[in-house]
Amino acid sequence: MVAAITSYGGTIDKFIGDGVLAVFGGVISLANPAEAALDAALAMRAKLQSLNDQRLEAGLAPLDCGIGITFGEVLHGSVGSTGRKDITVLGDVVVAATQLEATTAELRTPVLVSASLVDALPPERRGAMVPLGEVKLSGRKQPMLVYAVDILDGG
């Protein structure tokens, strides 16, 4: 997953349990961070399919993952105290991406994106976005308009 993320210019912010928080743009300048994030997600799904083919051949159960992507500004910098500091990203966008990832299982879609991500994509990439309507995400007062990504259409 790390190779898929970094090959599209993403930067790994941190590993959270079995999850990965990645940032596209800001740290490394990208022409279109939204498109890079989407391409990385599609590459991650392709790599997972390849891994699962190998696992099935070995008689092992397949693995799955959900990917949540949103778009917007974050605060990037050093947080902590003199005893322990960490470089990270903070902001509502980070929380929303985490909540979208958690919602993938409920909505039974492997890649879930926000309307802000779709709006930031080039028009020719928006055709693979399947509107799912507004979803109430944990801890949010207002529902968020979300889209599934049609993996077969290539995002």
### Task
Over the chain, calculate the relative contact order: mean separation of alpha carbon pairs under 8 Å at least 6 apart, over the residue count, as a percent.
18 percent
### Under Karplus coefficients 6.51, -1.76 and 1.60, residue-wise ³J(HN,Hα) of region 17-31 in Hz, glycine/proline x
x, 9, x, 10, 9, 10, 10, 10, x, x, 5, 10, 5, 10, 4
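At 37 °C and a viscosity of 0.692 mPa s, what translational diffusion coefficient does Stokes-Einstein give for the chain, taking Rh as the Kirkwood radius over Cα pairs? Give it in µm²/s as a whole number.
201 µm²/s
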### Message
Roughly how far apart, in whole Å, are the Cα centres of region 63-91 and region 1-35?
### Response
11 Å
### Query
In debye to the nearest 20, how big a dipole does region 2-153 give about its Cα centre with +1 on each Lys and Arg Cβ and -1 on each Asp and Glu Cβ?
380 debye
### Task
Between S50 and E124, take the C-beta separation as r, use R0 = 25 Å, and let me know the FRET efficiency to the nearest 0.05.
0.40
### Message
Return the Rg/Rh ratio of region 88-155 with Cα-based radii and a Kirkwood Rh.
### Response
0.96
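Sort V146, V95 so the one with the fewest other Cβ atoms within 10 Å of its own Cβ comes first.
With the sparsest Cβ surroundings first, the list reads V95, V146.
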### Query
What is the antiparallel percent of DSSP beta bridges lying wholly in the chain, to the nearest 5?
90 percent
#### Entry: Unit charges at the beta carbon, dipole of region 2-153: most positive-side option, Q99, F71, N32
Q99
#### Entry: Helix-derived mean residue ellipticity, 222 nm - over the chain, DSSP H n ≥ 4, -39500 (n - 2.57), to 500
-11000 deg cm²/dmol
### Lysine pairs meeting the criterion (Cα under 29 Å, 8 or more apart or interchain), as found in the chain
4
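Bear in mind these aren't lab numbers, they're just calculated from the coordinates by the rules spelled out. Note that this is a predicted model, so its numbers are computed, not measured. Here Cβ is always computed from backbone atoms with ideal geometry, including for glycine, and neighbour counts include all displayed protein chains.
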